[in-house]
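Have a look at the structure below before the remarks.
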Amino acid sequence: MSKGRLVIISGPSGSGKDTILKKVLKSLPELKFSISSVTRPMREGEVEGEKYNFVSREYFEHMIKNDMLLEYNNYIGNYYGTPKAPVEEVIENGGEIVLEIDVNGQQNIKRLVDSSLSIFIMPPSVEVLRARLAGRGTDSEEVIEKRMTSALKEIECAKNYDYIVVNDDLDSAVEDFITIIKADRLNTERQNKIIDEVLEKC
Ligand code: 5GP
């Protein structure tokens, strides 16, 4: 996998990464999104095939066995994974695809692919994070506590990412994200071809 660009976005549940990503994908429609397969129940407001394909545990294990996943993880008792084929297709065609995955997934991807761009979405504080999780009203108190414990561990992993975007103000966070994507497109490593093309015309 070398032609296109794999972009990883992570951040604790409640960091606002979904909202940021939705706005980024609207501004940069050429950016593709990798739909994960997941065994957790669908939350209210979620749509099959939008962010996730909701699958049975049996089917997920079939995907693991048949090497259909680029990476996967078990998060709070449920499987989450990135189907391999759609990602490979975009990359082979020189496109860019965003994977919204957890910190373990990012480490696995780093081991698997030569180069990727990783961005961590950071909440401005733990208090803000807790208030956002409770305010969603979609999870039980027990799940919120599990998500908070997981969030603190995830925040420690932010040091493994290329960039950190603090989501204090949504518009600024979206702008920061887009700036990173655009700057990355100008990265010398990604523009090797242009050097040869310009020199060829001398
Ligand atoms: P949620 O249940 O809040 O939708 O997601 C829980 C966590 O799973 C989030 O950190 C999210 O980024 C992560 N996640 C979603 N899809 C994938 C995936 O395909 N692989 C991995 N490793 N993590 C994922």
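Some notes on this structure:
- Checking each residue in segment 52-72 for being out of contact with any Leu (no Cβ under 9 Å at 6 or more places or on another chain) and closer than 30 Å to residue 23 by Cβ picks out 52, 53, 54, 55, 69, 72.
- Checking residue 77 against (1) away from the ligand (no atom under 12 Å from the Cβ); (2) within 24 Å of residue 14 (Cβ to Cβ); (3) among the small types (Gly, Ala, Ser), the condition it does not meet: (1)
- Among the residues of segment 29-43, just one is within 12 Å of the ligand (Cβ to nearest atom) and surrounded by fewer than 10 Cβ atoms within 10 Å (Cβ to Cβ), namely 41.
- Of all residues in segment 150-169, those that are closer than 16 Å to residue 105 by Cβ have Cβ atoms under 6 Å from Cβ atoms of residues that are more than 13 Å from the ligand (Cβ to nearest atom), 6 or more apart or on another chain, in 158/164; 162/117.
- Restricting attention to segment 110-132, the residues that are more than 9 Å from the chain's Cα centre (by Cα) and over 13 Å from residue 154 (Cβ atoms) total 15.
- Being away from the ligand (no atom under 11 Å from the Cβ) and in contact with a Gly (Cβ under 9 Å, 6 or more places away or on another chain) is a property that residue 113 lacks.
- Looking across 20, 9, one residue alone is part of a strand (DSSP E or B) and either within 28 Å of residue 122 (Cβ to Cβ) or near the ligand (Cβ under 10 Å from one of its atoms) (or both). It is 9.
- Within segment 156-169, the set of residues being open to solvent by less than 80 Å² (accessible area, probe 1.4 Å) and in a helix (DSSP H, G or I) comprises 157, 158, 160.
- Count of segment 44-53 residues which are of a type outside the set (Asp, Glu), on the phi < 0 side of the Ramachandran plot and away from the ligand (no atom under 11 Å from the Cβ): 1
- Residue satisfying condition, being more than 16 Å from the ligand (Cβ to nearest atom) and either in a helix (DSSP H, G or I) or over 21 Å from the mean Cα position of the chain (by Cα) (or both), within set 153, 193: 193
- Whichever residue in segment 94-109 is within 9 Å of the ligand (Cβ to nearest atom) and among the aliphatic types (A, V, I, L, M) and, among such residues, is nearest to residue 152 (Cα to Cα): 103
- Here residue 202 meets each of (1) exposed (fewer than 12 other Cβ atoms within 10 Å of the Cβ); (2) assigned to a helix (DSSP H, G or I) with one exception, condition (2).
The values are calculated or read from the model by the stated rules, or taken from the named source; none is laboratory data. Since the model is a prediction, treat every value here as computed from it, not as a measurement. Positions of Cβ are generated from backbone atoms using ideal geometry, with glycine treated the same way; all protein chains shown enter the neighbour counts. Please note that ligands, DNA and RNA were not included when accessible areas were found on the heavy atoms of the full protein model with its side chains. Shrake-Rupley method; radii C 1.70, N 1.55, O 1.52, S 1.80 Å.
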